[in-house]
Amino acid sequence: NAGVMQNPRHLVRRRGQEARLRCSPMKGHSHVYWYRQLPEEGLKFMVYLQKENIIDESGMPKERFSAEFPKEGPSILRIQQVVRGDSAAYFCASSPGQAVGGEKLFFGSGTQLSVL
Amino acid sequence: DQQVKQNSPSLSVQEGRISILNCDYTNSMFDYFLWYKKYPAEGPTFLISISSIKDKNEDGRFTVFLNKSAKHLSLHIVPSQPGDSAVYFCAASGASTGNQFYFGTGTSLTVIP
């Protein structure tokens, strides 16, 4: 039973380019969360999705960032026109249910985004 | 607004002794708390959790204590082993706090052989 799969592990982009981060949740999990970890900081919630729906995007920056979780295929976190401040580790997590009632998150190994 | 706080960025402990990692939270609506462990270049992995109806949960060498009145929880590791060296994140969630898990900033534990 494969865990949460994220790719790529490392992504280098120049300022102004687009970054696309992919996440395949654990088998049987339909809830996906994206978190960002900036250097010397904790994990910051970005967005929570279920299949074909964005449930909570309160942690997403208002511009340049978007996320989707289509009916088929992985969840995608897309960052347009990247800037140096976007350099961070981006973690995807999945759960079988909502973040209530004792559900826990299962994390992928993350994508380290470096913006030159 | 940091709703879950880990005020000690780092902790060093001798092998065999007890490690105590602390976490404070501000939102009284949180009712489920978790500890995650993270090695470099890996994602966090679940370690132990506790529901707000309990004040203690034990799993092998790991015990989590919850003090609801103080909005404080702690993770005890005894005896500490060098393989426990990692960053430990405290997290909280609640049925009425939306769909998020709120994470602290982490405590880096070093167990000295």
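All of the numbers you see were taken from the coordinates with simple rules; none came from a lab. Keep in mind the model is a prediction, meaning the values are calculated, not measured. Note that we place each Cβ from the backbone using ideal geometry, even for glycine, and neighbour counts take in every protein chain shown.
Starting from the Cα of A:S58, step 7 Å along the direction of its Cβ; do the same at A:K71; then give the gap between the two resulting points in nm.
Each label point is offset 7 Å from its Cα along the Cβ direction, giving 3.0 nm.
Of A:K51/B:K56; B:K38/B:K68; A:K27/B:K37, which pairs sit farther than 30 Å apart, going by alpha carbon to alpha carbon?
Too far apart for the 30 Å limit: A:K51/B:K56.
Give the Debye-formula value of log10 I(q)/I(0) at each listed q (0.21, 0.23 Å⁻¹), with one equal scatterer per alpha carbon of chain A, two decimals each.
Debye intensities relative to I(0), on a log10 scale: -1.17, -1.39.
Could you check how many percent of all C-alpha pairs in the protein assembly as shown are farther apart than 32 Å? Don't jump to the answer; show the numbers that get you there.
Working: 4854 of 26106 pairs.
Tail of the P(r) past 32 Å holds 19 percent of the pairs.
Between B:I18 and B:A41, take the C-beta separation as r, use R0 = 35 Å, and let me know the FRET efficiency to the nearest 0.05.
Details: r = 28 Å, r/R0 = 0.80.
The calculated FRET efficiency here is 0.80.
Work out the FRET efficiency for B:A70 and B:A95 from their Cβ-Cβ distance, taking R0 = 22 Å, and round it to the nearest 0.05.
0.50
Using Cβ contacts closer than 10 Å as the measure, can you line up B:V78, B:V4 from fewest to most?
Numbers: B:V78 14, B:V4 25.
The most exposed by this proxy come first: B:V78, B:V4.
Which loop-located GluC sites (Glu not before Pro) does region A:25-102 contain, where loop means any DSSP state but H, G, I, E or B and the Cβ has at most 15 other Cβ atoms within 10 Å? Mind showing how you got there, number by number?
Numbers: sites: A:E40, A:E41, A:E52, A:E57, A:E63, A:E68, A:E72; in loops: A:E40, A:E41, A:E52, A:E57, A:E63, A:E72.
Listed in order of number, the matching sites are A:E40, A:E41, A:E52, A:E63, A:E72.
Return A:T111, B:T110 ranked ascending by Cβ neighbour count within 10 Å, so the fewest neighbours appear first.
Numbers: A:T111 22, B:T110 14.
Ascending Cβ contact count within 10 Å gives the list B:T110, A:T111.
Which order do B:T107, B:T26 fall in if you start with the one that has the fewest other Cβ atoms within 10 Å? Intermediate results must be reported in sequence, preceding the final value.
Working: B:T107 21, B:T26 13.
With the fewest neighbours first, B:T107, B:T26 line up as B:T26, B:T107.
Can you list the HN-Hα couplings for region B:20-34, worked out from phi with the Karplus curve (6.51, -1.76, 1.60; θ = phi - 60°), rounded to whole Hz and with x for Gly and Pro?
Working through the residues one at a time gives 10, 10, 10, 8, 10, 9, 10, 8, 6, 7, 5, 9, 8, 10, 9 Hz.
Which one, B:D59, B:D31, B:D84, has the greatest fluctuation when you compute a Gaussian network model over chain B with C-alpha springs under 10 angstrom?
In this elastic network of chain B, the residue with the biggest mean-square fluctuation among B:D59, B:D31, B:D84 is B:D59.
Along the Cα→Cβ direction, 7 angstrom out, place labels at B:S10 and B:D59. What is the inter-label distance in nm?
Simple spin-label model gives 2.8 nm for this pair.
Using DSSP to call loops (not H, G, I, E or B), can you name the GluC sites (Glu not before Pro) in region B:12-113 whose Cβ has at most 16 other Cβ atoms within 10 angstrom? Mind showing how you got there, number by number?
Numbers: sites: B:E15, B:E42, B:E58; in loops: B:E15, B:E42.
For GluC sites (Glu not before Pro) across region B:12-113 that sit outside H, G, I, E and B with at most 16 neighbouring Cβ atoms in 10 Å, the list reads B:E15, B:E42.
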